[in-house]
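Asker: Sending over a structure as structure tokens; questions will come in a sec.
The values are calculated or read from the model by the stated rules, or taken from the named source; none is laboratory data. On a predicted model such as this, the values are computed, not experimentally measured, just so you know. In this analysis, Cβ positions are derived from the backbone assuming ideal geometry, glycine residues included, and neighbour counts consider all displayed protein chains. Please note that ligands, DNA and RNA were not included when accessible areas were found on the heavy atoms of the full protein model with its side chains. Shrake-Rupley method; radii C 1.70, N 1.55, O 1.52, S 1.80 Å.
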Amino acid sequence: MKIGVISDIHGNLPALEAVLEVLDHLGCTKFLCAGDIVGYGPWPLECIERVNDRKILSVQGNHDYWVACSGPDWGISPYARSALEWTLEQLPKDAVAWLRGLPRKMTYGPLSVVHASNALEPPWAYVLAERHLRANFVMQDSTYTFHGHTHVPLLGVHRRGERARFVQLRSMELPPGARYLVNVGAVGQPRDRNPRASCGVFHTDTHRFQLLRVPYHVAWTQKRMREAGLPEPLINRLSIGR
Ligand code: ZN
């Protein structure tokens, strides 16, 4: 079985559609999403609808949570906040309730999916340093966890008796016997200087992971963001993938 794994769609419908087309073409029959369906991008409702229509199972990301549970404790950058306020204005109540009801973690056989880290405290911690990776593996009870949040593809590996370490993520085998934290990067707002949408395919029978970068119509998303009055730095970063 081939499982398509995506994360951080961020309301970018052309990027989501481009990714789903490639994952369909490769024969994926199951789709998992590591959250942040909305925030930043100009098509939040359409992305929620597409995720539902395509029966993509998703966890809740920090932007999904912030939109659904908005309040004075947001503590986020002014650009992200402004995009979240705009997003909230676009969404009907049932879509907001749906975002609120998303789980923080889900398990699918030997796979689990979280947005940020298996260490759910502090919430929405970025796994960027070895100590974050260790904290994740203390709590990771599955062989494979797929996540996102940093918008940068990266692999964390832990073998019993060895230090947890980061490895550059590419298309590679992930054989059982170790535990893996696989950051599949972002569909809708990549930040690794590659503007193409990022996603992955996991082959459950061979334990092979394929990392994919998919071109999409960036200018189309940027045009819609300008029309919506979303912050210019959020628009510009899509061209350079930062
Ligand atoms: Zn995100």
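Asker: Here are some conditions: (1) within 15 Å of the ligand (Cβ to nearest atom); (2) open to solvent by less than 70 Å² (accessible area, probe 1.4 Å); (3) assigned to a loop (DSSP other than H, G, I, E, B). Residue 128 meets all but one. Which one does it not meet?
Answerer: The failed condition is (2).
Asker: Mind checking which pairs have a first residue in region 160-185 that is part of a loop (DSSP other than H, G, I, E, B) and a second that is of a type in the set (Lys, Arg), Cβ under 7 Å, 6 or more apart or different chains?
Answerer: From region 160-185, the pairs are 164/134.
Asker: Further question: Quick check on this structure: which one of 152, 187, 167 is within 16 Å of the ligand (Cβ to nearest atom), open to solvent by 10 Å² or more (accessible area, probe 1.4 Å), modelled with pLDDT of 95 or more and out of contact with any Phe, Trp or Tyr (no Cβ under 8 Å at 6 or more places or on another chain)?
Answerer: Checking each option against the conditions leaves just 152.
Asker: Kindly establish whether residue 160 is open to solvent by 40 Å² or more (accessible area, probe 1.4 Å), at pLDDT below 95, basic (Lys, Arg) and within 16 Å of the ligand (Cβ to nearest atom).
Answerer: no
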